[in-house]
1. Can you give me the number of residues within the stretch 8-33 that are out of contact with any strand residue (DSSP E or B) (no Cβ under 7 Å at 6 or more places or on another chain) and either closer than 13 Å to Val66 by Cα or free of Cβ contacts under 8 Å to residues at least 12 places away in the same chain (or both)?
2. For the stretch 34-54, enumerate the residues that are touching a residue at least 40 places away in the same chain (Cβ under 8 Å) and either more than 10 Å from Ala78 (Cα to Cα) or hydroxyl-bearing (Ser, Thr, Tyr) (or both).
3. Which of the residues belonging to the stretch 21-72 are surrounded by fewer than 16 Cβ atoms within 10 Å (Cβ to Cβ), among the charged types (D, E, K, R) and farther than 25 Å from Asn90 by Cα?
4. Find all pairs meeting these conditions: Cβ atoms under 6 angstrom apart; at least six residues apart or on different chains; first residue within the stretch 62-77 and closer than 21 Å to Gly12 by Cβ; second residue surrounded by 13 or more Cβ atoms within 10 Å (Cβ to Cβ) and of a type in the set (A, V, I, L, M, F, W, C).
5. Looking only at the stretch 37-89, which residues are under 16 Å from Glu20 (Cα atoms) and of a type in the set (A, V, I, L, M)?
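The values are calculated or read from the model by the stated rules, or taken from the named source; none is laboratory data. Note that this is a predicted model, so its numbers are computed, not measured. As a convention, Cβ positions derive from the backbone with ideal geometry for all residues, glycine included, and neighbour counts pool all protein chains shown.
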Amino acid sequence: MSGVNKMRASLGQANGPEVELIVTGTRDYSTYETPDGAPAIYDDDRGLFCYARVINGEYQSTGVPVTEPTPAGIVPHAQESIEVRERKINHPRTNKPLDQE
C-alpha cells in the first residue's frame, strides 16, 4: 500500500478557506499537522481543521481552527496510540473514542 510522508497539501474545509497542512499516511489512515508541527484533525461539527490534543490515546479536537494561533498545551508531532491507529484502520466505519465502545 502506498502513502505519503510529510506532503504539503492545500485542503478544503466546509466552513472556511483552504488550509495548508502536512499530510502523512495512506488511504486507510492519515495524520495532519500544521507546517510548524501542531497536530490537526477535521472537526466535522465545525466544518474546519482544528488543532488536536491526544486524550486517552486518541486525537480530540480543541475546537480552535488551525487558522488561529496554536493553543497552549498542544504537543508538537503528537501521535495517536498504536491501539487507536489499528482500530481506525481495521474498523473505519466504527471510529468511536475507545471509552464509547
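1. The total comes to 1.
2. Asp36
3. Asp36, Glu68
4. Correct list of pairs: Thr62/Cys50; Gly63/Cys50; Val64/Cys50; Pro65/Leu48; Pro65/Cys50; Val66/Val19; Val66/Ala40; Val66/Phe49.
5. Of everything in the stretch 37-89, those that are under 16 Å from Glu20 (Cα atoms) and of a type in the set (A, V, I, L, M) turn out to be Ala38, Ala40, Ile41, Leu48, Ala52, Val64, Val66.
Quick grid of which residues meet (1) touching a strand residue (DSSP E or B) at 6+ places or on another chain (Cβ under 7 Å); (2) of a type in the set (A, V, I, L, M); (3) at pLDDT 95 or above; (4) at positive phi:
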| site | (1), (2), (3), (4) |
| --- | --- |
| Gly37 | no, no, yes, yes |
| Ala40 | yes, yes, yes, no |
| Gly57 | no, no, yes, yes |
| Thr67 | yes, no, yes, no |
